[in-house]
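Report on the structure given below.
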Amino acid sequence: MAEMGVYEAMRTLKAVRRLKPDPIPDDVMRRVLEAATWAPTGGNRQPWRIVAVKDPARKKQLGEWYAGRWSQFSKMYRSAIGADMPADARKRMERTLDAGDYLAAHFGEAPVIAIFCFNPKEMAITDAKLNRVSVVGGGSVYPAVENLLIACRAEGLGCVLTTLLCEVEPQVNKLLAIPEPWGTCAAIPIGYPVGKGHGPLTRRPVEELAYLDSWGNRFA
């Protein structure tokens, strides 16, 4: 396997929603899963697990659930596309939604669907008592998700982070025999891309997202 620089991998890690059903070699999949294990977690507890779903019947059911959720989600976003939206932004949104439609129609055909699980009892959730949505627990899970995504990029695999199946978590847990108190936080279909796949990202610049010493003081 030819090594890819970490900056190149991050800079070109697109959400790839059009995936081939071709199988992924076991040694490649193992490297991707191993990359997830290197991620930092609070107290090095690693309170996450991955269920790598390859069974066709289970994938088919996951795909049906995903398609149902996506149908509702996409209608909301398509209704937000208005005539006053800049043409370039409208085209990008339409392309993204079209790719999302394709993913929903073929979700269960991905060779592997990685279901990320977490155990809240193994997390130090330091913001649980604040008067806002709690996010700290995710700090012990989503770095592993990102490691897996970057490893997929390095291996030439397409992938995309999805969370819609979290809306049907009880059904997913039953299907995959996930025990209490484990929950789910991501479902990542993985496969070789149809067409180009990954490429340069469109993101806001550092000057809009990073501040120096105090809020609003741009990092020049």
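The values are calculated or read from the model by the stated rules, or taken from the named source; none is laboratory data. For clarity, every value in this text was computed on a predicted model and none was experimentally measured. Cβ placement follows ideal geometry from the backbone for every residue including glycine, while neighbour counts extend to all protein chains displayed. Surface areas here come from the heavy atoms of the whole protein model, side chains and all, with no ligands, DNA or RNA. Shrake-Rupley method; radii C 1.70, N 1.55, O 1.52, S 1.80 Å.
What pairs can you find where one residue is in segment 23-50 and farther than 17 Å from Ala151 by Cβ and exposed (fewer than 15 other Cβ atoms within 10 Å of the Cβ), the other is among the charged types (D, E, K, R) and at pLDDT 95 or above, and their Cβ atoms are less than 9 Å apart, with a gap of 6+ or different chains?
Matching pairs, first to second residue: Pro23/Lys54; Gly43/Glu122; Arg45/Glu122.
Checking the structure you have, find out if any residue of segment 178-186 is hydroxyl-bearing (Ser, Thr, Tyr), at negative phi, in a strand (DSSP E or B) and surrounded by 14 or more Cβ atoms within 10 Å (Cβ to Cβ).
yes
On the basis of being within 18 Å of Leu161 (Cβ to Cβ), without any contact (Cβ under 8 Å) to a residue 60 or more places away in the chain and under 19 Å from the mean Cα position of the chain (by Cα), does Ala104 make the cut?
yes
Quick check: is even one residue across segment 191-207 closer than 17 Å to Leu13 by Cα, in contact with a Gly (Cβ under 7 Å, 6 or more places away or on another chain), touching a residue at least 40 places away in the same chain (Cβ under 8 Å) and open to solvent by 50 Å² or more (accessible area, probe 1.4 Å)?
Looking for residues that are closer than 17 Å to Leu13 by Cα, in contact with a Gly (Cβ under 7 Å, 6 or more places away or on another chain), touching a residue at least 40 places away in the same chain (Cβ under 8 Å) and open to solvent by 50 Å² or more (accessible area, probe 1.4 Å), one finds at least one in segment 191-207, hence yes.
Is it true that some residue in segment 154-164 is open to solvent by less than 40 Å² (accessible area, probe 1.4 Å), farther than 26 Å from Phe73 by Cα, touching a residue at least 40 places away in the same chain (Cβ under 8 Å) and not in a loop (DSSP other than H, G, I, E, B)?
Scanning segment 154-164 turns up at least one residue that is open to solvent by less than 40 Å² (accessible area, probe 1.4 Å), farther than 26 Å from Phe73 by Cα, touching a residue at least 40 places away in the same chain (Cβ under 8 Å) and not in a loop (DSSP other than H, G, I, E, B).
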